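Colleague: Once you've had a glance at the structure underneath, I'll fire off some questions.
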Amino acid sequence: MTPSQNITIVGGGTAGWVTAAVLSRYLGRNWHITLVESDDIGTVGVGEATIPQLQILHRALGIDEDAFLSFCNGTYKLGIEFVGWGTQDSRYIHAFGEIGRPLGLVPFHHYWLRGQAMPEARPLDAYSLNAVAAYAGKFQRGMPQGNAPLGGLGHAFHFDAGRYAQFLRQYAEGRGVQRVEGRIVDVALHAENGAVERLTLASGETVGGDLFVDCSGFVGLLIEGALGTGYEDWRHWLPCDRAIAVQCASAPTLTPYTRSTARVAGWQWRIPLQSRIGNGHVYCSDFMDDTVAADILLANLDGAVLTDPRHLRFTTGRRRKFWNRNVVALGLAAGFMEPLESTSIHLVQAGVERLLKFLPKGDIRSADVDAFNALTAFEYEGIRDFLILHYKANRRSEPFWRACADMAVPDSLAAKLSLFEANGRITRFNEELFAEVGWLQVLIGQGVRPAGYHPLADQPTDAECREFLDLLANAAQRQVAGMPDHAAFIASHCRASVGGAAG
Ligand SMILES: Cc1cc2nc3c(=O)[nH]c(=O)nc-3n(C[C@H](O)[C@H](O)[C@H](O)COP(=O)(O)OP(=O)(O)OC[C@H]3O[C@@H](n4cnc5c(N)ncnc54)[C@H](O)[C@@H]3O)c2cc1C
């Protein structure tokens, strides 16, 4: 039998409460879970766009999607629109879901590349059901796919981060997680093995634990403050190091996608919720000062400002170890790459799932810790490369963007680019987060064109190739025409509530 164990989570932001919810759902009566958080310190207060994998987490927790969206002021997200990332006036969507469909063994995009030489060539997003629906402002969940050539929509969510933490808190407390309120002022280590032994709060109360999950945010109270684990700084690849966040009033249309607009030395996000829009400007302090950054943000909002601008500073990178002694870091305590592809909450989800996989039975084994760290590092580095691509493959003229275009990239990314260059090949290694279709959209969207395509894409005649491409583009238009408006779908399924209960 597994001996009784105490798990202490430090922090009650999204990372802390996602961790508490998952552990409370999956760990049985031998486990006692405590979460310590400080209302005085508060949370980072941003992090409102997600990727489709969050649906897997919610299914695992038994969360009802409508109840969650209603509680969290949420909307649907079909992808991210990138404005001005290639040239200043370019625009493309990195949409979820598939693009076209393969023919035989050959991925769709090789036929699309061939079709670009034809007079009636269409852009890549004409073959993405998600992209066509996003631009039409449509949404439908659980669409009957029947014989539809393009299948159904892939979706993620936008939501209010504070409400999401509350929602998960109700869920976790309802399953026995004990919440302790207070500021941690001291972390005591075991004299012999250097592991964390106990936390002392400002009130004098102490909290022990066998395993600690550090979800304390950028400060990394245990993983860095107490254990001095070290940090790999990635600013030479991901140079933005500041952000300003502000909320504004809604626009007339409730768009079902996140927008990322490139600015002079960074980019601006736009995340539409049911009753407001979340906005932020991410920028590089070497090229822009805070006042100019705030002016740019405030001059580019769709509605009246609702909150004071919130300034955030960060260093892109990751902890040298995510699991050190008896501390596992999740969320911002583990590292931060930047919010461009909405991957941080997913990394929390993946991290806690991995923690369950390597859950210690009594003593912590170094083989488990090493495997956990290696898998997590692989996941971070795959995402890092994908993010760097957005910066590297720009064709803008400002000094910040020229510096990004000139930077040396990691060998792993250089290999991906070189694979694509000749014949448009894209390969996903092991359990990389972003699939071929994600890389494809960013590469093509930012103007990277391969010299050729797969030789087998030349097998159909010109007429057959054209017919295949037409069939798929027309199918996307037809399927989307039958979908309801995004706003109408929300109104009839998950209109925002002021209160509400967690699932
Ligand atoms: C500008 C920006 C935009 C982002 N956008 C996205 C996005 O669109 N999508 C996405 O997935 N992610 C995004 N993220 C990341 C996302 O915000 C975080 O991953 C997520 O909010 C989790 O944060 P956290 O819980 O790790 O940290 P925090 O929210 O900072 O929570 C830390 C917790 O630790 C507690 N704490 C700290 N010190 C102490 C102490 N001494 N004693 C007691 N308690 C303590 C705090 O009170 C708090 O409860 C963004 C991040 C930034 C900076």
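Colleague: If you go through region 222-242, how many residues are under 22 Å from Trp17 (Cβ atoms), within 9 Å of the ligand (Cβ to nearest atom) and in contact with a strand residue (DSSP E or B) (Cβ under 6 Å, 6 or more places away or on another chain)?
Modeller: 0
Colleague: For region 265-319, name all the residues that are part of a strand (DSSP E or B), more than 27 Å from Gly220 (Cβ to Cβ) and either within 12 Å of the ligand (Cβ to nearest atom) or without any contact (Cβ under 8 Å) to a residue 24 or more places away in the chain (or both).
Modeller: Residues satisfying the conditions are Gln268, Arg270, Asn279.
Colleague: Also, quick follow-up: It is to be established whether one or more residues within region 144-161 are under 23 Å from the mean Cα position of the chain (by Cα), aromatic (Phe, Trp, Tyr), under 25 Å from Cys72 (Cβ atoms) and within 14 Å of the ligand (Cβ to nearest atom). Give the steps one after another, and end with the answer.
Modeller: The first filter runs over region 144-161 and keeps only residues under 23 Å from the mean Cα position of the chain (by Cα), leaving 152-161.
Cutting the leftovers down to aromatic (Phe, Trp, Tyr) gives us 157, 159.
Now restrict to residues that are under 25 Å from Cys72 (Cβ atoms): 157, 159.
Cutting the leftovers down to within 14 Å of the ligand (Cβ to nearest atom) gives us 157, 159.
Yes, region 144-161 has at least one match.
Colleague: Name the one entry in Arg91, Arg122 that is surrounded by fewer than 18 Cβ atoms within 10 Å (Cβ to Cβ) and out of contact with any helix residue (DSSP H, G or I) (no Cβ under 7 Å at 6 or more places or on another chain).
Modeller: Only one candidate qualifies: Arg91.
Colleague: Right, here's the next one. Please specify each residue of region 188-245 satisfying the condition of being in contact with a Phe, Trp or Tyr (Cβ under 7 Å, 6 or more places away or on another chain) and farther than 30 Å from Pro339 by Cα.
Modeller: Val196
Colleague: In addition: Being surrounded by 15 or more Cβ atoms within 10 Å (Cβ to Cβ) and within 12 Å of Leu238 (Cα to Cα) is the filter here; which residues of region 402-421 pass it?
Modeller: Once the filter is applied, which keeps residues that are surrounded by 15 or more Cβ atoms within 10 Å (Cβ to Cβ) and within 12 Å of Leu238 (Cα to Cα), region 402-421 yields Ala403, Cys404, Val409.
Colleague: Right, another one. On the given criteria, is Phe96 modelled with pLDDT of 95 or more, farther than 27 Å from Phe400 by Cβ and surrounded by 18 or more Cβ atoms within 10 Å (Cβ to Cβ)? Can you show your working first?
Modeller: Numbers: modelled with pLDDT of 95 or more: yes; farther than 27 Å from Phe400 by Cβ: yes; surrounded by 18 or more Cβ atoms within 10 Å (Cβ to Cβ): yes.
Answer is yes for this residue.
Colleague: Are there any helices (runs of 4 or more DSSP H) wholly within region 385-503 with 3 or more residues that are touching a residue at least 60 places away in the same chain (Cβ under 8 Å) and either among the polar types (S, T, N, Q) or more than 20 Å from Gly84 (Cβ to Cβ) (or both), and if so which?
Modeller: On the way: elements: 399-406, 411-423, 436-445, 462-481, 486-493.
Because the criterion is at least 3 residues that are touching a residue at least 60 places away in the same chain (Cβ under 8 Å) and either among the polar types (S, T, N, Q) or more than 20 Å from Gly84 (Cβ to Cβ) (or both), the helices (runs of 4 or more DSSP H) in region 385-503 that meet it are 436-445, 462-481, 486-493.
Colleague: Restrict the check to region 97-110 and report whether at least one residue is outside the structural domain of Ala202 (by TED's automatic domain parsing), in a strand (DSSP E or B) and in contact (Cβ under 8 Å) with a residue 12 or more places away in the chain. Give the derivation first.
Modeller: Here is the first cut: in region 97-110, the ones outside the structural domain of Ala202 (by TED's automatic domain parsing) are 97-110.
Narrowing further to those that are in a strand (DSSP E or B): 103, 106.
Those left that are additionally in contact (Cβ under 8 Å) with a residue 12 or more places away in the chain: 103, 106.
Checking region 97-110: at least one residue is outside the structural domain of Ala202 (by TED's automatic domain parsing), in a strand (DSSP E or B) and in contact (Cβ under 8 Å) with a residue 12 or more places away in the chain.
Colleague: Considering only residues that are part of a loop (DSSP other than H, G, I, E, B), more than 7 Å from the ligand (Cβ to nearest atom), touching a Leu at 6+ places or on another chain (Cβ under 8 Å) and modelled with pLDDT of 95 or more, which ones fall in region 331-358?
Modeller: Within region 331-358, Ala334, Met337 qualify.
Colleague: Here are some residues: Val213, Val185. Which one is within 13 Å of the ligand (Cβ to nearest atom), surrounded by fewer than 15 Cβ atoms within 10 Å (Cβ to Cβ) and more than 20 Å from the chain's Cα centre (by Cα)?
Modeller: None of the other options fit; the residue is Val185.
The values are calculated or read from the model by the stated rules, or taken from the named source; none is laboratory data. A quick note: this is a predicted structure, and the numbers were derived from the prediction, not measured. We place every Cβ from the backbone using ideal geometry, glycine too, and count neighbours over all the protein chains shown.
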